[in-house]
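*Asks:* A single structure is presented below for examination.
The values are calculated or read from the model by the stated rules, or taken from the named source; none is laboratory data. The structure displayed is predicted, hence computed values, not measured ones. In this analysis, Cβ positions are derived from the backbone assuming ideal geometry, glycine residues included, and neighbour counts consider all displayed protein chains. Keep in mind that these areas ignore ligands, DNA and RNA; they rest on the heavy atoms of the full protein, side chains included. Shrake-Rupley method; radii C 1.70, N 1.55, O 1.52, S 1.80 Å.
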Amino acid sequence: MSPLRLGLVGVGKIARDQHVPSIEATSGITLTAAASRSATIEGAANFASLIDMLEGARIDAVALCTPPQVRHALALQALRAGKHVLLEKPPGATLSEMDDLVAAARDAGVTLFATWHSRFAPAVEPARDYLKDKRVLRAVITWKEDVRRWHPGQDWIWEPGGLGVFDPGINALSIATRILPKPFFLTGGTLETPENRQAPIAARLSFTDADGLDLFADFDWRQEGPQTWDIEVELSGGHGLKLSGGGKTLHIDGEKRIDAPDAEYRGIYRHFVDLVASGRSDVDVSPLRHVADAFMLGRRETVAAFHDETAAH
Ligand code: NAP
(Lines give C-alpha, C1' and ligand atoms only; values in the text may rest on other atoms or scores of the structure.)
Protein backbone atom coordinates (compact mmCIF):
# COMPACT_ATOMS: atom_id res chain seq x y z
CA MET A 1 0.00 0.00 0.00
CA SER A 2 1.25 3.51 -0.75
CA PRO A 3 2.00 5.61 2.35
CA LEU A 4 -0.63 7.85 3.85
CA ARG A 5 -0.02 11.40 2.62
CA LEU A 6 -0.30 13.72 5.61
CA GLY A 7 -0.83 17.47 5.85
CA LEU A 8 0.11 19.07 9.17
CA VAL A 9 -1.61 22.21 10.50
CA GLY A 10 0.01 24.56 13.06
CA VAL A 11 3.79 24.60 12.97
CA GLY A 12 4.52 25.36 16.62
CA LYS A 13 6.58 23.72 19.36
CA ILE A 14 5.04 20.24 19.35
CA ALA A 15 4.86 20.04 15.56
CA ARG A 16 8.60 20.75 15.26
CA ASP A 17 9.81 18.85 18.35
CA GLN A 18 7.77 15.67 17.91
CA HIS A 19 5.43 15.40 14.92
CA VAL A 20 7.88 16.08 12.09
CA PRO A 21 10.65 13.69 13.30
CA SER A 22 8.14 11.02 14.35
CA ILE A 23 6.35 11.04 10.98
CA GLU A 24 9.75 10.70 9.29
CA ALA A 25 10.55 7.71 11.51
CA THR A 26 7.24 5.90 10.86
CA SER A 27 6.64 3.71 7.85
CA GLY A 28 3.28 3.91 6.09
CA ILE A 29 2.97 7.70 6.43
CA THR A 30 4.70 10.64 4.81
CA LEU A 31 4.62 14.37 5.50
CA THR A 32 3.38 15.84 2.23
CA ALA A 33 2.16 19.32 3.17
CA ALA A 34 1.98 21.89 5.95
CA ALA A 35 -0.41 24.75 6.69
CA SER A 36 0.90 27.59 8.80
CA ARG A 37 0.25 31.28 9.29
CA SER A 38 3.90 31.94 10.02
CA ALA A 39 6.24 29.05 9.26
CA THR A 40 7.24 26.46 6.68
CA ILE A 41 8.44 22.86 6.86
CA GLU A 42 11.35 21.95 4.61
CA GLY A 43 10.55 19.20 2.14
CA ALA A 44 6.77 19.70 2.40
CA ALA A 45 4.43 21.74 0.20
CA ASN A 46 3.66 24.79 2.32
CA PHE A 47 0.32 26.63 2.47
CA ALA A 48 -1.01 29.61 4.42
CA SER A 49 -4.16 27.86 5.64
CA LEU A 50 -5.90 24.51 5.84
CA ILE A 51 -8.36 25.57 3.12
CA ASP A 52 -5.47 26.34 0.75
CA MET A 53 -3.83 23.03 1.66
CA LEU A 54 -7.03 21.06 1.02
CA GLU A 55 -7.35 22.74 -2.39
CA GLY A 56 -3.69 22.58 -3.40
CA ALA A 57 -2.20 19.39 -1.98
CA ARG A 58 -2.93 15.73 -2.63
CA ILE A 59 -3.30 14.44 0.91
CA ASP A 60 -5.20 11.63 2.62
CA ALA A 61 -4.97 12.82 6.22
CA VAL A 62 -4.55 15.92 8.38
CA ALA A 63 -2.78 16.29 11.74
CA LEU A 64 -3.94 19.27 13.81
CA CYS A 65 -1.20 20.67 16.05
CA THR A 66 -2.86 24.00 16.87
CA PRO A 67 -4.17 25.09 20.28
CA PRO A 68 -7.47 23.38 21.21
CA GLN A 69 -9.61 26.52 20.87
CA VAL A 70 -9.36 26.51 17.06
CA ARG A 71 -9.30 22.76 16.52
CA HIS A 72 -12.98 21.93 15.98
CA ALA A 73 -13.45 24.25 12.98
CA LEU A 74 -10.28 22.92 11.36
CA ALA A 75 -11.16 19.29 12.06
CA LEU A 76 -14.62 19.74 10.58
CA GLN A 77 -13.19 21.24 7.39
CA ALA A 78 -10.78 18.35 7.02
CA LEU A 79 -13.39 15.66 7.78
CA ARG A 80 -15.88 17.20 5.36
CA ALA A 81 -13.15 17.12 2.71
CA GLY A 82 -12.92 13.36 3.30
CA LYS A 83 -9.58 13.39 5.14
CA HIS A 84 -8.61 11.21 8.08
CA VAL A 85 -7.88 13.44 11.08
CA LEU A 86 -5.42 13.23 13.96
CA LEU A 87 -6.03 15.62 16.85
CA GLU A 88 -3.33 16.77 19.30
CA LYS A 89 -4.36 16.65 22.93
CA PRO A 90 -6.61 17.98 24.38
CA PRO A 91 -8.86 17.02 21.45
CA GLY A 92 -11.03 20.14 21.72
CA ALA A 93 -12.25 23.01 23.83
CA THR A 94 -15.56 21.37 24.82
CA LEU A 95 -17.00 17.89 25.16
CA SER A 96 -19.96 18.62 22.89
CA GLU A 97 -17.77 19.62 19.97
CA MET A 98 -16.14 16.21 20.22
CA ASP A 99 -19.52 14.51 19.67
CA ASP A 100 -19.91 16.68 16.59
CA LEU A 101 -16.54 15.54 15.20
CA VAL A 102 -17.23 11.87 15.91
CA ALA A 103 -20.49 12.18 13.93
CA ALA A 104 -18.75 14.05 11.10
CA ALA A 105 -16.04 11.36 10.84
CA ARG A 106 -18.70 8.65 10.77
CA ASP A 107 -20.66 10.50 8.04
CA ALA A 108 -17.51 10.95 5.96
CA GLY A 109 -16.39 7.34 6.49
CA VAL A 110 -12.91 8.40 7.67
CA THR A 111 -10.71 7.86 10.73
CA LEU A 112 -10.71 10.28 13.67
CA PHE A 113 -7.91 9.81 16.22
CA ALA A 114 -7.93 11.88 19.41
CA THR A 115 -4.36 11.37 20.60
CA TRP A 116 -3.16 11.20 24.20
CA HIS A 117 0.60 11.09 23.82
CA SER A 118 1.29 10.12 27.44
CA ARG A 119 -0.63 6.87 26.91
CA PHE A 120 2.16 5.87 24.52
CA ALA A 121 4.86 6.22 27.19
CA PRO A 122 6.67 2.87 27.61
CA ALA A 123 5.52 2.00 31.14
CA VAL A 124 1.81 2.77 30.71
CA GLU A 125 0.57 -0.47 29.09
CA PRO A 126 2.61 -2.67 31.48
CA ALA A 127 1.11 -0.74 34.42
CA ARG A 128 -2.37 -1.26 32.99
CA ASP A 129 -1.72 -5.00 32.58
CA TYR A 130 -0.44 -5.27 36.16
CA LEU A 131 -3.46 -3.44 37.61
CA LYS A 132 -6.23 -4.93 35.47
CA ASP A 133 -7.46 -7.53 37.96
CA LYS A 134 -6.45 -5.73 41.17
CA ARG A 135 -8.31 -3.63 43.71
CA VAL A 136 -6.72 -0.19 44.00
CA LEU A 137 -7.04 1.43 47.42
CA ARG A 138 -5.24 4.70 46.93
CA ALA A 139 -3.46 6.62 44.19
CA VAL A 140 -1.60 9.91 44.15
CA ILE A 141 -0.82 11.89 41.02
CA THR A 142 1.90 14.52 41.38
CA TRP A 143 2.34 16.55 38.19
CA LYS A 144 4.48 19.59 38.90
CA GLU A 145 6.42 21.52 36.30
CA ASP A 146 7.68 24.98 35.44
CA VAL A 147 5.34 26.75 33.02
CA ARG A 148 8.06 29.26 32.08
CA ARG A 149 10.27 26.42 30.91
CA TRP A 150 7.69 24.42 28.92
CA HIS A 151 5.25 27.06 27.65
CA PRO A 152 7.14 30.32 27.12
CA GLY A 153 5.12 32.91 25.22
CA GLN A 154 2.04 30.69 24.83
CA ASP A 155 -0.77 33.15 25.54
CA TRP A 156 -3.48 30.75 24.31
CA ILE A 157 -2.80 28.39 27.20
CA TRP A 158 -4.02 31.00 29.71
CA GLU A 159 -7.18 31.83 27.76
CA PRO A 160 -10.59 30.10 28.10
CA GLY A 161 -10.24 26.66 26.54
CA GLY A 162 -6.45 26.71 26.95
CA LEU A 163 -6.81 24.71 30.20
CA GLY A 164 -3.90 26.32 32.11
CA VAL A 165 -2.25 23.73 34.36
CA PHE A 166 -4.66 21.11 33.03
CA ASP A 167 -2.74 21.24 29.75
CA PRO A 168 -0.07 19.04 31.39
CA GLY A 169 -2.47 17.71 34.04
CA ILE A 170 -4.66 16.13 31.37
CA ASN A 171 -1.66 14.00 30.40
CA ALA A 172 -1.67 12.53 33.91
CA LEU A 173 -5.42 11.98 33.66
CA SER A 174 -4.96 10.27 30.29
CA ILE A 175 -2.62 7.79 31.99
CA ALA A 176 -4.83 7.34 35.07
CA THR A 177 -7.91 6.64 32.94
CA ARG A 178 -5.89 4.05 31.03
CA ILE A 179 -4.26 2.18 33.93
CA LEU A 180 -6.80 2.24 36.76
CA PRO A 181 -9.09 -0.77 36.48
CA LYS A 182 -12.36 1.05 37.28
CA PRO A 183 -13.83 4.33 36.07
CA PHE A 184 -13.36 7.09 38.65
CA PHE A 185 -15.03 10.44 39.19
CA LEU A 186 -14.34 13.79 40.82
CA THR A 187 -15.62 14.52 44.34
CA GLY A 188 -14.05 17.94 44.88
CA GLY A 189 -11.12 20.17 44.18
CA THR A 190 -9.48 23.57 44.28
CA LEU A 191 -8.37 25.58 41.27
CA GLU A 192 -5.83 28.37 41.80
CA THR A 193 -6.07 31.02 39.10
CA PRO A 194 -3.72 34.01 38.78
CA GLU A 195 -5.63 37.28 39.17
CA ASN A 196 -4.65 38.39 35.62
CA ARG A 197 -5.44 35.07 33.88
CA GLN A 198 -8.45 32.97 32.82
CA ALA A 199 -7.01 29.51 33.51
CA PRO A 200 -5.56 27.89 36.66
CA ILE A 201 -1.87 27.70 37.52
CA ALA A 202 -2.46 24.93 40.06
CA ALA A 203 -5.19 22.44 40.95
CA ARG A 204 -5.76 19.87 43.66
CA LEU A 205 -8.42 17.28 42.88
CA SER A 206 -10.00 14.37 44.75
CA PHE A 207 -11.61 11.43 42.98
CA THR A 208 -13.22 8.16 43.97
CA ASP A 209 -14.76 5.10 42.29
CA ALA A 210 -17.47 2.53 43.00
CA ASP A 211 -15.14 0.72 45.45
CA GLY A 212 -14.21 3.84 47.39
CA LEU A 213 -10.85 4.53 45.72
CA ASP A 214 -8.97 7.47 47.26
CA LEU A 215 -7.33 9.25 44.30
CA PHE A 216 -5.66 12.62 44.78
CA ALA A 217 -4.14 14.73 42.02
CA ASP A 218 -1.79 17.63 42.64
CA PHE A 219 -1.06 19.76 39.56
CA ASP A 220 1.25 22.77 39.85
CA TRP A 221 2.92 24.92 37.23
CA ARG A 222 5.18 26.82 39.64
CA GLN A 223 7.76 24.11 40.23
CA GLU A 224 11.30 25.22 39.52
CA GLY A 225 14.25 22.82 39.64
CA PRO A 226 13.51 19.10 39.22
CA GLN A 227 10.20 18.43 37.49
CA THR A 228 7.76 15.79 38.77
CA TRP A 229 5.40 13.66 36.68
CA ASP A 230 4.57 10.73 38.99
CA ILE A 231 1.64 8.42 39.69
CA GLU A 232 1.78 6.20 42.77
CA VAL A 233 -0.77 3.40 43.19
CA GLU A 234 -1.36 1.52 46.45
CA LEU A 235 -2.92 -1.96 46.51
CA SER A 236 -3.89 -4.17 49.44
CA GLY A 237 -1.22 -6.13 51.31
CA GLY A 238 1.33 -3.34 51.03
CA HIS A 239 1.75 -3.83 47.28
CA GLY A 240 1.90 -0.99 44.83
CA LEU A 241 3.42 0.59 41.77
CA LYS A 242 4.95 3.88 40.79
CA LEU A 243 5.06 5.42 37.34
CA SER A 244 7.54 8.25 37.07
CA GLY A 245 8.98 10.55 34.42
CA GLY A 246 5.52 10.88 32.82
CA GLY A 247 5.26 7.12 32.23
CA LYS A 248 8.85 6.33 31.22
CA THR A 249 9.70 4.39 34.40
CA LEU A 250 7.77 1.70 36.26
CA HIS A 251 8.51 0.36 39.74
CA ILE A 252 6.42 -2.49 41.17
CA ASP A 253 6.78 -3.08 44.91
CA GLY A 254 9.89 -0.89 44.81
CA GLU A 255 11.61 -2.88 42.08
CA LYS A 256 12.41 -1.19 38.77
CA ARG A 257 10.67 -3.05 35.93
CA ILE A 258 10.83 -0.56 33.07
CA ASP A 259 13.01 2.44 32.31
CA ALA A 260 12.83 3.22 28.60
CA PRO A 261 13.38 6.27 26.42
CA ASP A 262 10.54 8.35 25.04
CA ALA A 263 8.99 7.21 21.75
CA GLU A 264 5.45 8.45 22.36
CA TYR A 265 4.85 10.19 19.05
CA ARG A 266 6.18 7.31 16.99
CA GLY A 267 3.62 5.16 18.81
CA ILE A 268 0.95 7.71 17.96
CA TYR A 269 1.74 7.67 14.24
CA ARG A 270 2.01 3.86 14.11
CA HIS A 271 -1.44 3.65 15.71
CA PHE A 272 -2.84 6.25 13.27
CA VAL A 273 -1.57 4.25 10.29
CA ASP A 274 -3.16 1.09 11.76
CA LEU A 275 -6.47 2.85 12.46
CA VAL A 276 -6.71 4.15 8.89
CA ALA A 277 -5.73 0.77 7.42
CA SER A 278 -8.44 -0.99 9.42
CA GLY A 279 -11.09 1.72 8.96
CA ARG A 280 -11.42 2.51 12.67
CA SER A 281 -11.49 5.64 14.84
CA ASP A 282 -10.10 6.10 18.36
CA VAL A 283 -11.75 8.85 20.40
CA ASP A 284 -11.74 8.65 24.19
CA VAL A 285 -12.79 11.92 25.81
CA SER A 286 -12.57 10.69 29.43
CA PRO A 287 -9.47 12.79 30.32
CA LEU A 288 -11.19 15.92 28.95
CA ARG A 289 -14.36 15.02 30.86
CA HIS A 290 -12.44 14.98 34.16
CA VAL A 291 -11.04 18.43 33.39
CA ALA A 292 -14.52 19.72 32.53
CA ASP A 293 -15.75 18.26 35.84
CA ALA A 294 -12.95 20.10 37.67
CA PHE A 295 -14.07 23.39 36.14
CA MET A 296 -17.67 22.50 37.13
CA LEU A 297 -17.09 21.31 40.70
CA GLY A 298 -13.79 22.93 41.71
CA ARG A 299 -13.56 25.70 44.28
CA ARG A 300 -11.90 28.86 42.90
CA GLU A 301 -8.99 30.59 44.59
CA THR A 302 -7.40 33.71 43.14
CA VAL A 303 -3.63 33.81 43.47
CA ALA A 304 -0.80 36.20 42.53
CA ALA A 305 -0.67 37.49 38.95
CA PHE A 306 1.44 35.51 36.49
CA HIS A 307 3.64 37.47 34.09
CA ASP A 308 5.38 35.78 31.16
CA GLU A 309 8.40 37.88 30.26
CA THR A 310 8.74 36.04 26.91
CA ALA A 311 5.19 36.80 25.68
CA ALA A 312 4.85 38.99 22.59
CA HIS A 313 2.65 41.92 23.71
P1 NAP B 1 2.48 26.46 20.11
O2 NAP B 1 3.97 26.34 20.16
O3 NAP B 1 1.85 27.72 20.59
O4 NAP B 1 2.05 26.14 18.62
C5 NAP B 1 0.73 26.11 18.21
C6 NAP B 1 0.68 26.53 16.75
O7 NAP B 1 -0.68 26.49 16.32
C8 NAP B 1 1.15 27.95 16.49
O9 NAP B 1 2.54 28.00 16.30
C10 NAP B 1 0.38 28.31 15.25
O11 NAP B 1 1.09 27.80 14.16
C12 NAP B 1 -0.89 27.48 15.31
N13 NAP B 1 -2.09 28.27 15.61
C14 NAP B 1 -3.21 28.31 14.87
N15 NAP B 1 -4.12 29.10 15.44
C16 NAP B 1 -3.57 29.60 16.55
C17 NAP B 1 -4.03 30.48 17.54
N18 NAP B 1 -5.26 31.03 17.51
N19 NAP B 1 -3.19 30.77 18.58
C20 NAP B 1 -1.95 30.24 18.63
N21 NAP B 1 -1.48 29.38 17.70
C22 NAP B 1 -2.28 29.07 16.67
O23 NAP B 1 1.80 25.29 20.93
P24 NAP B 1 2.31 23.80 21.13
O25 NAP B 1 3.08 23.70 22.39
O26 NAP B 1 2.89 23.30 19.89
O27 NAP B 1 0.91 23.10 21.44
C28 NAP B 1 -0.04 22.80 20.43
C29 NAP B 1 -0.90 21.66 20.92
O30 NAP B 1 -0.05 20.54 21.19
C31 NAP B 1 -1.63 21.98 22.23
O32 NAP B 1 -2.90 21.42 22.24
C33 NAP B 1 -0.75 21.31 23.29
O34 NAP B 1 -1.49 20.89 24.43
C35 NAP B 1 -0.23 20.10 22.53
N36 NAP B 1 1.02 19.57 23.06
C37 NAP B 1 2.08 20.40 23.34
C38 NAP B 1 3.23 19.85 23.91
C39 NAP B 1 4.45 20.71 24.23
O40 NAP B 1 5.38 20.18 24.88
N41 NAP B 1 4.53 21.95 23.82
C42 NAP B 1 3.31 18.50 24.19
C43 NAP B 1 2.25 17.69 23.83
C44 NAP B 1 1.11 18.24 23.27
P45 NAP B 1 1.18 28.56 12.77
O46 NAP B 1 1.84 29.86 13.07
O47 NAP B 1 2.01 27.61 12.01
O48 NAP B 1 -0.19 28.73 12.22
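*Asks:* Quick check on my filter: what residues within the stretch 21-40 are in a loop (DSSP other than H, G, I, E, B) and more than 8 Å from the ligand (Cβ to nearest atom)?
*Replies:* Of the stretch 21-40, the ones in a loop (DSSP other than H, G, I, E, B) are 25-28, 36-40.
Ala25, Thr26, Ser27, Gly28, Thr40, listed by residue number.
*Asks:* Please enumerate the residues belonging to the stretch 151-186 that are over 28 Å from Leu250 (Cα atoms) and either polar (S, T, N, Q) or more than 20 Å from the chain's Cα centre (by Cα) (or both).
*Replies:* Gln154 - this is the single residue of the stretch 151-186 that is over 28 Å from Leu250 (Cα atoms) and either polar (S, T, N, Q) or more than 20 Å from the chain's Cα centre (by Cα) (or both).
*Asks:* Against the condition modelled with pLDDT of 95 or more, within 19 Å of Ile258 (Cβ to Cβ), more than 16 Å from the ligand (Cβ to nearest atom) and in a helix (DSSP H, G or I), how does Ala139 come out, does it pass?
*Replies:* Numbers: modelled with pLDDT of 95 or more: yes; within 19 Å of Ile258 (Cβ to Cβ): yes; more than 16 Å from the ligand (Cβ to nearest atom): yes; in a helix (DSSP H, G or I): no.
For Ala139, the condition - modelled with pLDDT of 95 or more, within 19 Å of Ile258 (Cβ to Cβ), more than 16 Å from the ligand (Cβ to nearest atom) and in a helix (DSSP H, G or I) - is not met.
*Asks:* What number of residues within the stretch 1-15 satisfy the criterion of being assigned to a loop (DSSP other than H, G, I, E, B) and more than 8 Å from the ligand (Cβ to nearest atom)? Before you say what the answer is, go through the steps one by one.
*Replies:* At the first step, the residues of the stretch 1-15 found to be assigned to a loop (DSSP other than H, G, I, E, B) are 1-3, 10-12.
Narrowing further to those that are more than 8 Å from the ligand (Cβ to nearest atom): 1-3.
Qualifying residue count for the region: 3.
*Asks:* Tell me which residues, restricted to the stretch 260-294, are touching a strand residue (DSSP E or B) at 6+ places or on another chain (Cβ under 7 Å) and of a type in the set (Ser, Thr, Tyr).
*Replies:* Tyr269, Ser281
Residues are listed down the side, and each one gets a yes or a no for (1) among the hydroxyl-bearing types (Ser, Thr, Tyr); (2) under 23 Å from Pro91 (Cβ atoms); (3) touching a strand residue (DSSP E or B) at 6+ places or on another chain (Cβ under 6 Å); (4) open to solvent by 10 Å² or more (accessible area, probe 1.4 Å):
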residue: Arg138; (1), (2), (3), (4): no, no, yes, yes
residue: Ile157; (1), (2), (3), (4): no, yes, no, no
residue: Ser174; (1), (2), (3), (4): yes, yes, no, no
residue: Leu205; (1), (2), (3), (4): no, yes, yes, no
residue: Trp221; (1), (2), (3), (4): no, yes, no, no
residue: Thr228; (1), (2), (3), (4): yes, no, yes, yes
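*Asks:* Name the single residue, out of those in the stretch 90-109 being open to solvent by 20 Å² or more (accessible area, probe 1.4 Å) and outside any helix (DSSP H, G or I), that is farthest from the ligand (Cβ to nearest atom).
*Replies:* Taking the stretch 90-109 and keeping what is open to solvent by 20 Å² or more (accessible area, probe 1.4 Å), we get 93-97, 99-100, 102-103, 106-109.
Now narrow it down to the ones that are outside any helix (DSSP H, G or I): 93-94, 109.
Working: Ala93: 10, Thr94: 14, Gly109: 26 Å.
Only one residue fits best here, namely Gly109.
*Asks:* Among (1) over 17 Å from Trp156 (Cβ atoms); (2) more than 8 Å from the ligand (Cβ to nearest atom); (3) surrounded by 14 or more Cβ atoms within 10 Å (Cβ to Cβ), there is one condition Gln18 misses while meeting the rest; what is its number?
*Replies:* That leaves (2) as the condition not met.
*Asks:* Looking at this structure, is Ile268 modelled with pLDDT of 95 or more and part of a helix (DSSP H, G or I)?
*Replies:* Working: modelled with pLDDT of 95 or more: yes; part of a helix (DSSP H, G or I): yes.
Yes.
*Asks:* Counting only residues that are surrounded by fewer than 22 Cβ atoms within 10 Å (Cβ to Cβ) and within 10 Å of the ligand (Cβ to nearest atom), which one in the stretch 74-89 is farthest from Val9 (Cα to Cα)?
*Replies:* Here is the first cut: in the stretch 74-89, the ones surrounded by fewer than 22 Cβ atoms within 10 Å (Cβ to Cβ) are 74, 76-77, 80-82, 89.
When the remaining residues are screened for being within 10 Å of the ligand (Cβ to nearest atom), the result is 74, 89.
Numbers: Leu74: 9, Lys89: 14 Å.
Looking at residues that are surrounded by fewer than 22 Cβ atoms within 10 Å (Cβ to Cβ) and within 10 Å of the ligand (Cβ to nearest atom), I get Lys89.
*Asks:* When you look at Asp129, is it at pLDDT 95 or above, of a type outside the set (Gly, Ala, Ser), more than 28 Å from Leu213 (Cβ to Cβ) and more than 10 Å from the ligand (Cβ to nearest atom), yes or no?
*Replies:* On the way: at pLDDT 95 or above: yes; of a type outside the set (Gly, Ala, Ser): yes; more than 28 Å from Leu213 (Cβ to Cβ): no; more than 10 Å from the ligand (Cβ to nearest atom): yes.
Judged against the criteria, Asp129 is not a match.
*Asks:* Looking at the stretch 52-70, can you tell me whether even one residue there is crowded, with 20+ Cβ neighbours inside 10 Å, within 15 Å of the ligand (Cβ to nearest atom), touching a residue at least 12 places away in the same chain (Cβ under 8 Å) and among the polar types (S, T, N, Q)?
*Replies:* For the stretch 52-70, residues crowded, with 20+ Cβ neighbours inside 10 Å, within 15 Å of the ligand (Cβ to nearest atom), touching a residue at least 12 places away in the same chain (Cβ under 8 Å) and among the polar types (S, T, N, Q): present.
*Asks:* Oh, and also: If only one of Leu173, Leu215, Leu243 is farther than 22 Å from Gln18 by Cβ and either aromatic (Phe, Trp, Tyr) or in contact (Cβ under 8 Å) with a residue 24 or more places away in the chain (or both), which one is it?
*Replies:* Details: Leu173 fails: farther than 22 Å from Gln18 by Cβ; Leu243 fails: farther than 22 Å from Gln18 by Cβ.
Answer to the selection: Leu215.
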